[in-house]
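No value in this document is a laboratory result; all are computed from the given coordinates. The structure presented is a predicted model; accordingly, all values stated were derived computationally and were not measured.
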Amino acid sequence: MTDNRTFRIAAIPADGVGREVVAAGRAVLDALAADSGGAFGFDWQEFPWGCDYYQRTGRMIDEDGLVQLKEFDAIYFGAVGWPTVPDHISLWGLRLKICQSFDQWANVRPVHFLPGITSPLRKADTTELDWVVVRENSEGEYAGLGGRNLAGRGRGGEVAIQSALFTEVGCERIMRFAFDLARTRSRRKVSSVTKSNAQQYGMVLWDDVFHRVADDYPDVETESVLVDAMSAKFVLHPEDLSVVVASNLNADILSDLGSALAGSLGLAASANLNPERRFPSMFEPVHGSAPDIAGQGLANPIGAVGSAALMLEHFGLPEQAARLYKAIEKTTGAGILTRDVGGTASTDNVTKALIDALAG
Ligand code: ATP
Ligand code: MG
């Protein structure tokens, strides 16, 4: 290693198990840096934002929070949400606010099968499977467009409209991102997901742009699959997948399906990227705050540690990311597993095993 760099990271553990898994991820990253002989390091600053903060202050994030965050190389996020605060306040007030303000338009969610973990898929060797869901993260079905006509409320006459926004620019950049990613993988293939047989405007624009962009990547295999058929394909023919690109809603659902197939939501990592690097990108496990198990030392830290590996790749340290992936595989392969994947280990047990595996 010759980087000799210190990366400034804003840690936002936020709520519930987010706190436990961010602490675990930080411990693993610090162990990795300590082992690098000073070649690189992390300068952490932790922010107290989240639902507790909201209940004390009436704000999910400081008024100048985004200005503070903008100065960091990356954001390492836990999970936001708590039963006492409505989702539209907690989610929009913190996580989505950061995603939108920092134009993190590409959400990368690898589906990674690990040794020692039983997948509900009946495949002989699931550890051979791995694919990536690329989610359009700035528009689509989550653009927040629509409204409710309350005139007929309570008399059976209320009407609500929820629209989706698709722009040529938004579609094109996420497609190019997916094709560029496919070129870095052993299988050069992009599967585009729509429901263009039933949604005849936005999804058809998506299809048009997909085919146009595909012409620029003749070396990449392509397919266009409807989302219902793709759900079945995740289960029946996952070996046929490499990069799956889909709109905000479709990719959200498909990536949860993917992580469940890999064994647990607690294993799934994600990166919310601003590919132009004008703003910090954000790395977080796919799961939520898991109020049912929070504070009990039961949370699986692997999704958060895998997200830390994605952050290292983003920093241009792929060998260090590979060391983390190897430590994860060694730990699960040795049967050191939290309850969600059939084991009895605590969050701390797994974290310690990961750190030991780095050294070994
Ligand atoms: P969100 O709305 O934020 O996506 P959610 O309602 O979908 O949250 P999660 O909080 O992700 O739900 O939890 C879903 C289920 O997965 C719960 O049973 C939870 O205990 C489990 N779970 C989530 N994260 C983990 C983890 N890191 N380790 C173990 N189990 C987890
Ligand atoms: Mg969820």
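Could you give log10 I(q)/I(0) at q = 0.28 Å⁻¹ for the stretch 117-188, computed by the Debye formula over C-alpha point scatterers of equal weight, without solvent?
After summing over all Cα pairs, the log10 values are -1.16.
Pairs of lysine in the chain with Cα under 23 Å and at least 8 positions apart or on different chains: total?
So the count of such lysine pairs works out to 9.
Taking a ≥ b ≥ c as the square roots of the eigenvalues of the Cα gyration tensor of the stretch 195-286, is the shape rounded (a/c under 1.5), prolate (a/b larger than b/c) or oblate? Walk me through the numbers on the way to the answer.
On the way: a/c = 1.62, a/b = 1.14, b/c = 1.42.
Oblate, because a/c is 1.5 or more while a/b does not exceed b/c.
Work out, step by step, the length gained on full extension between L145 and D292: first 0.36 nm times the residue separation, then minus their alpha carbon distance; give nm to one decimal. Walk me through the numbers before you get to the answer.
Numbers: separation 147, 0.36 × 147 = 52.92 nm, distance 3.22 nm.
Stretched out fully, the L145 to D292 stretch lengthens by 49.7 nm.
Quick one: what do you get for the chain if you divide its Cα Rg by 2.2 N^0.38 Å? Could you put the intermediate results ahead of the total?
Values: Rg = 20.4 Å, N = 360, 2.2 N^0.38 = 20.6 Å.
With N residues counted in the chain, Rg over 2.2 N^0.38 Å equals 0.99.
Using a Gaussian network model of the chain with C-alpha springs under 10 Å, which one of Q104, Q55, Q320 is most mobile by mean-square fluctuation?
Maximum among the listed residues: Q55.
DSSP beta bridges in the stretch 90-236, what fraction antiparallel, as a percent rounded to 5? Working shown, then result.
Numbers: 13 of 19 bridges.
The antiparallel proportion sits near 70 percent.
Please report how far the C-alpha centroid of the stretch 51-73 lies from that of the stretch 179-203, rounded to the nearest whole angstrom.
35
Need one number for the stretch 1-54: average projected area of the convex hull over its C-alpha atoms, nm².
Reported value for the Cα convex hull: 3.6 nm².
How many percent of the alpha carbon pairs in the stretch 287-331 exceed a separation of 13 Å? Don't skip to the end; give the middle numbers.
Details: 575 of 990 pairs.
That tail contains 58 percent of the Cα-Cα pairs.
Using just the helices of the chain, give the 222 nm mean residue ellipticity in deg cm²/dmol: DSSP H runs with n ≥ 4 each add -39,500 (n - 2.57), and the total is spread over all residues, rounded to 500.
Working: 12 runs with 136 residues, N = 360.
So the calculated ellipticity at 222 nm is -11500 deg cm²/dmol.
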